[in-house]
1. Please work out which residue is most open to solvent (accessible area, probe 1.4 Å), limiting yourself to region 12-66 and to residues that are in contact (Cβ under 8 Å) with a residue 40 or more places away in the chain and part of a loop (DSSP other than H, G, I, E, B).
2. Could you tell me how many of the residues in region 124-155 are more than 16 Å from the ligand (Cβ to nearest atom) and either open to solvent by 40 Å² or more (accessible area, probe 1.4 Å) or part of a loop (DSSP other than H, G, I, E, B) (or both)?
3. Taking ALA39, is it more than 30 Å from GLY130 (Cα to Cα) and touching a Lys or Arg at 6+ places or on another chain (Cβ under 7 Å)?
4. Which is of a type in the set (A, V, I, L, M), at negative phi and open to solvent by 10 Å² or more (accessible area, probe 1.4 Å), of ALA231, ALA225?
5. Only one residue in SER219, SER236, SER244 is within 16 Å of the ligand (Cβ to nearest atom) and part of a helix (DSSP H, G or I), so which one is that?
6. ARG90 versus (1) in contact (Cβ under 8 Å) with a residue 60 or more places away in the chain; (2) part of a helix (DSSP H, G or I): which is the lone unmet condition?
7. In region 186-211, what count of residues is obtained for those that are open to solvent by less than 40 Å² (accessible area, probe 1.4 Å), more than 16 Å from the ligand (Cβ to nearest atom) and either of a type in the set (Asp, Glu) or on the phi > 0 side of the Ramachandran plot (or both)?
8. Which residue pairs have Cβ atoms closer than 7 Å, lie 6 or more positions apart in sequence or on different chains, and pair a first residue in region 95-123 that is open to solvent by less than 10 Å² (accessible area, probe 1.4 Å) with a second residue that is among the basic types (Lys, Arg) and assigned to a strand (DSSP E or B)?
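The values are calculated or read from the model by the stated rules, or taken from the named source; none is laboratory data. This structure is a prediction, so every number in the text was calculated from the model and none was measured. Backbone-built Cβ (ideal geometry, glycine too); neighbour counts: all protein chains shown. Heavy atoms of the whole protein, side chains included, go into the accessibility calculation; ligands, DNA and RNA do not. Shrake-Rupley method; radii C 1.70, N 1.55, O 1.52, S 1.80 Å.
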Amino acid sequence: MPIQSIPLEDTFADVLRKAMRGAGVNEKQLSDATGISAAAIADWLKENGAADDAQARALAAVLRLDGGKLADSAAQRWTPPHIELSDVRRHSQEPHPSNGYVFFLDGGREAALVDPAGIPQNLLRLLRDGDYHLHYILITHKHPDHCDATADVAAAFPAAKIVMHALDVHAIGALAAKATLLRDGETLPFGGDATIRMLHTPGHTDGSSSYLFQNALFSGDTLFAASVGGAFGDASTYEDILNSVRSKLFTLPGDTVVMPGHGPPSTIELERQHNPFFT
Ligand SMILES: [Fe+2]
């Protein structure tokens with residue numbers, strides 16, 4: 001599928017549901033606080049219609065979202081432009097709806113994989129399709145649609161280091177003992193003098209991590225184009241995911257390209273301007 005045809009991961013209904021859950025506000029409370037009927041809100045959550053601009057601004061005020069950006073989400077007025085990086089290849093991870101990536105250095109001779117998931121034979125065929133050295137298997141978080149092919153890839157590429165945050169590493173079973181566990185801000189050497197930096201971005205899961213290589217940010221399920229991942233942490237919360245984005249991702253240069261675990265690529269500057277979770 002060409003990159004430009006990837007739809008946004010989250011609809012207005014998804015954004016509304018995540019924000020209501022995060023803020024601990026139910027349909028009745030949201031109706032009471034905004035004067036919008038609970039039936040209308042329930043319909044929108046089922047993808048039946050959407051708020052108009054004034055309604056979206058009223059919802060946003062209660063849910064601590066950005067009013068103008070939420071109105072754009074409801075009216076489907078914004079999607080990111082087509083964005084590609086020459087040294088980053090995206091692949092789908094069937095049967096999962098998630099994105100995996102392979103990125104390259106030194107004319108394509110050195111490579112790293114982000115999120116080994118999906119049907120192993122498909123992934124191995126793709127990984128063997130090139131004359132390069134796979135240095136790293138970088139895992140953004142513990143959910144199966146991001147790491148369920150780890151054992152197969154590790155067996156096929158025994159020299160590749162598995163990299164993950166300690167809080168999510170139990171998801172890869174016995175391989176956890178072999179994994180390279182990084183802490184927030186730590187780097188991995190890559191190629192001659194390049195590095196890959198890990199940013200611990202908890203909230204979606206406790207060990208959720210993003211990886212920064214040059215101007216590409218692999219954000220897993222922390223930051224999507226015009227949305228964020230759901231808050232499914234054991235200890236970390238919705239507030240943590242918002243703080244992770246604000247303090248660790250939105251402080252990166254605006255032209256940093258966001259390569260998310262679901263949906264189309266974006267940039268840090270575009271997300272500052274368009275993501276309804278951030279004012
Ligand atoms: Fe996830």
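1. It comes out as ARG64.
2. Of the residues in that region, 12 qualify.
3. no
4. It is ALA231.
5. SER244
6. That leaves (2) as the condition not met.
7. Total meeting the criteria: 1.
8. ASN99/ARG90; TYR101/ARG89; TYR101/ARG90; VAL102/ARG89
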